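**Q** Okay, handing you the structure first.
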Amino acid sequence: MLWDESDSDGDDHSDSDSEDTELYEEIVWEGLRNKTIVVKNGDNTKKQSYKYRELLAHATGVATGKKGPVKAGGHRAVMKYLLAELGDRPMIPQAERILYLDQVVPKRKGRATRLLAPWMGILVNIDNSRTNENGFRLAPGPAEIKEKFKEYKPERVDVFHDFRGHQGTALLTFRSDIRGLEDAQAFEHSFAATNRGRKAWWEEARSANRDLYGWQAAEKDLESNLGRLAKHIKNYCDVKTVKDMVQENERLNKQIVEDLVKIVDKKNDMVAASHTQFVTLQNMVADVEALRLKAEEEKRNMEAQHKRDLEEMILKAHKKEAAHNEIVMSRQVALTNKLRTLESRCEQMRDTETKLRLSKEAVQLQFEKEMENVKSHLSLTV
């Protein structure tokens, strides 16, 4: 029996867990076990040798996808057969590959290239043909050279002079990290690509020209005939390999990390102490706030009590004043009445006194008249 895995291509959206899938799985499984089924490629070709992993990966991918019950069930059976029947069998060794590269491969040199640290670039043959009135040779300065080579990001540029003036050489200093090494190598490659590197500069057959030459400074440049530049790199540069620089940077980074860890720990201790102090102050503030609220509450209660007492005192004073006014008024009325009575009595007494005085005067006049009459009578008698 021949099972074609390309059958039922139109059932791509069928559920691979349906009963039909399980049915096809059982049919193909029994056929594979009984060796009555031969698997055929979808492109109508037969292949006698397949890698076990390729078959298993293909069967697993189709079995877990949505390719219809025929494909899903058949590939499930193939996956099950591969895992159950062939999983424990030893892998067939592949045929020995034929090597066609018979040329001799150069051995790696034991000594790594020793460069100058920090990373530096040497620039020579700078045009110094111009002179001033004293015959002193002139050439571009550090700022101009740094601007010219700014794409390589030099941190510093040094130019060198002797008693005749500018020597036509410059030293570019790059960053001391891996990025600086990349910039220095790019600087060197840019000149090497146009045959204007170290090797071309020191060739005896090199013709005189006005081209710039440049390369990355290395150990061999310490003994070169570059005037003050060579003396400068001898005095201020260290000879190291890239591995040495990497190890040194790793050590420095490790030291920096350790220092930072110490600083962070110290800062954490300070933060913890500050946090403790903050919590203490916060608790103190909370206590003070509670006392303030309590004092304000007591103040409000005292003010309310004082207000009630004051109102009560005012009310009592008003009542007392009203009673006093009433007593005063009654006494005033009584005194007024008494005064009026006294005034009436005084008036009566004045009237009586007037009457008595008038009566007395009348009696006195009568008495005087009678005395005169007596005197006149007596005189007549005599």
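**Q** Which of (1) closer than 20 Å to P142 by Cβ; (2) surrounded by 16 or more Cβ atoms within 10 Å (Cβ to Cβ) is the odd one out, the single condition R164 does not satisfy?
**A** (2)
**Q** Something else about it: When residues of the range 175-205 are filtered for being outside any helix (DSSP H, G or I), loosely packed, with under 15 Cβ neighbours inside 10 Å and not hydroxyl-bearing (S, T, Y), how many remain?
**A** Total meeting the criteria: 6.
**Q** On to the next question. If N195 satisfies all but one of (1) at pLDDT 90 or above; (2) within 49 Å of the chain's Cα centre (by Cα), what's the number of the condition it fails?
**A** (2)
**Q** Restricting attention to the range 213-226, report how many residues are in a loop (DSSP other than H, G, I, E, B) and within 48 Å of the chain's Cα centre (by Cα). Lay out the reasoning, then the answer.
**A** Filtering the range 213-226 for residues in a loop (DSSP other than H, G, I, E, B) gives 217, 224-226.
Narrowing further to those that are within 48 Å of the chain's Cα centre (by Cα): 217.
Summing the residues that are in a loop (DSSP other than H, G, I, E, B) and within 48 Å of the chain's Cα centre (by Cα) in the range 213-226 gives 1.
**Q** Now, a different point. Mind listing whichever residues of the range 108-145 are in a helix (DSSP H, G or I) and in contact (Cβ under 8 Å) with a residue 12 or more places away in the chain? Outline the logic, then answer.
**A** First, pick out the residues of the range 108-145 that are in a helix (DSSP H, G or I): 142-145.
Hits for the range 108-145 are P142, A143, I145.
**Q** Moving to a separate point now. Which of the following residues is touching a Pro at 6+ places or on another chain (Cβ under 8 Å) and acidic (D, E): D162, D183, D177?
**A** The match here is D183.
**Q** Another one. Here's a check for you: in the range 173-222, which residue that is in contact with a strand residue (DSSP E or B) (Cβ under 6 Å, 6 or more places away or on another chain) and among the hydroxyl-bearing types (S, T, Y) is nearest to L123 (Cα to Cα)?
**A** Within the range 173-222, the match that is nearest to L123 (Cα to Cα) is Y213.
**Q** Looking at the range 52-89 only, could you name the residues that are surrounded by 12 or more Cβ atoms within 10 Å (Cβ to Cβ) and modelled with pLDDT under 65?
**A** Y52, L86
**Q** Looking at the range 150-161 only, could you name the residues that are buried (at least 16 other Cβ atoms within 10 Å of the Cβ) and closer than 11 Å to W119 by Cα?
**A** Selection gives P154 alone.
**Q** Now for a different question. Looking at the range 221-260, which of its residues are loosely packed, with under 12 Cβ neighbours inside 10 Å and of a type in the set (K, R)?
**A** Within the range 221-260, K243, R251, K254 qualify.
The values are calculated or read from the model by the stated rules, or taken from the named source; none is laboratory data. No experiment lies behind these values; they were computed from the predicted model shown. For neighbour counting, all protein chains shown are included, and Cβ atoms are generated from backbone atoms with ideal geometry for every residue, glycine included.
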